[in-house]
1. Can you pull out the residues in the range 17-46 that are closer than 29 Å to Y176 by Cα and exposed (fewer than 13 other Cβ atoms within 10 Å of the Cβ)?
2. Counting only residues that are out of contact with any Pro (no Cβ under 7 Å at 6 or more places or on another chain) and touching a residue at least 24 places away in the same chain (Cβ under 8 Å), give me the helices (runs of 4 or more DSSP H) lying completely in the range 1-62 with at least 2 of them.
3. Answer yes or no as to whether K128 is surrounded by 11 or more Cβ atoms within 10 Å (Cβ to Cβ) and at pLDDT 90 or above.
4. Starting from residues that are of a type in the set (K, R) and in a helix (DSSP H, G or I), keep the ones in the range 150-195 and report whichever is most open to solvent (accessible area, probe 1.4 Å).
5. Are there any pairs with C-beta distances below 7 angstrom linking a residue in the range 103-128 that is closer than 15 Å to I155 by Cα to a residue that is of a type in the set (D, E) and open to solvent by 90 Å² or more (accessible area, probe 1.4 Å), with the two at least 6 apart or on different chains, and if so which?
6. For E104, only one of the following conditions fails: (1) within 20 Å of S8 (Cα to Cα); (2) at pLDDT below 90. What is its number?
7. Scan the range 81-96 for residues that are at pLDDT below 65 and either at positive phi or open to solvent by 90 Å² or more (accessible area, probe 1.4 Å) (or both) and jot them down.
8. Name every residue in the range 43-66 that is among the hydrophobic types (A, V, I, L, M, F, W, C) and farther than 11 Å from R18 by Cα, in order of residue number.
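The values are calculated or read from the model by the stated rules, or taken from the named source; none is laboratory data. As the structure is a computational prediction, the values presented were derived from the model and not from experiment. Every residue, glycine as well, gets a Cβ built from its backbone with ideal geometry; the counts of neighbours run over all protein chains shown. For accessibility, only protein heavy atoms count, side chains too; no ligands or nucleic acids. Shrake-Rupley method; radii C 1.70, N 1.55, O 1.52, S 1.80 Å.
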Amino acid sequence: MQLDKIVSFHKAMGDPTRVRIISLLAQGPLHGQAIAGKLGLTPPTISHHLSKLRDISLVYQRRDKNTIYYHLNQKLLKQHSNALLTYCLEDKGEEETMDKSMKEKQAVINNFFTKDGKLKSIPAQRKKKLYVFEHIVSGLEKGRKYPEKEINEYIKKFHEDFATIRREFIINHYMYRENGIYELNPTEMWAKTEG
């Protein structure tokens, strides 16, 4: 999820009808006719708004016989809400906590990487694992689109298990993948090390 996707999300949500549709779908899936009836709007108007919400993947559809039901992608809604909140509150912490965190991160990097930059092993503990992944992705360029093969080659410079690490990049929101192309997410979307 690149920065332009966050902006697209908030642009798409900047319409009262779409917010009302999301509110309805938060209670459970509905078909277009039902949404139109509940909001007192025409089916073509609802189709237009649902199309905009599908474009940002906030709504997805499932067919049941001849009826298409629309579902809310609650996980994505939470991600975007949290990303904005994190972005707004970022850099408000105390410097002392940052210094402690930086020292801890450096100690993990020193323990898990050889002098020539190879990853000895993937840490089992989540916090250490995230420090390691952040260290690896820091060598990638923001805004650049990477084919999967190139990402694999990049990761292999650190560790032979490129498939696991590549998957972790996606799971922990360091990168966004679409049609086999990878791109760094904004740092405010990256998984956070709690405490």
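1. Answer for the range 17-46, where residues must be closer than 29 Å to Y176 by Cα and exposed (fewer than 13 other Cβ atoms within 10 Å of the Cβ): V19, S23, A26, Q27, G28.
2. Details: elements: 3-12, 16-25, 32-39, 43-55.
Fully inside the range 1-62 and qualifying: 3-12, 16-25, 43-55.
3. Working: surrounded by 11 or more Cβ atoms within 10 Å (Cβ to Cβ): yes; at pLDDT 90 or above: yes.
Against the criterion (surrounded by 11 or more Cβ atoms within 10 Å (Cβ to Cβ) and at pLDDT 90 or above), K128 qualifies.
4. Of the range 150-195, the ones of a type in the set (K, R) are 156-157, 166-167, 177, 192.
Of the ones still in play, those that are also in a helix (DSSP H, G or I) are 156, 166-167.
Numbers: K156: 88, R166: 39, R167: 127 Å².
Among them, the one singled out is R167.
5. none
6. Every listed condition holds for E104 apart from (1).
7. Y87, L89, D91, K92, E94, E95, E96
8. Within the range 43-66, the first condition is being among the hydrophobic types (A, V, I, L, M, F, W, C), and the residues that meet it are 46, 50, 53, 56, 58-59.
Hit for the range 43-66 is I56, nothing else.
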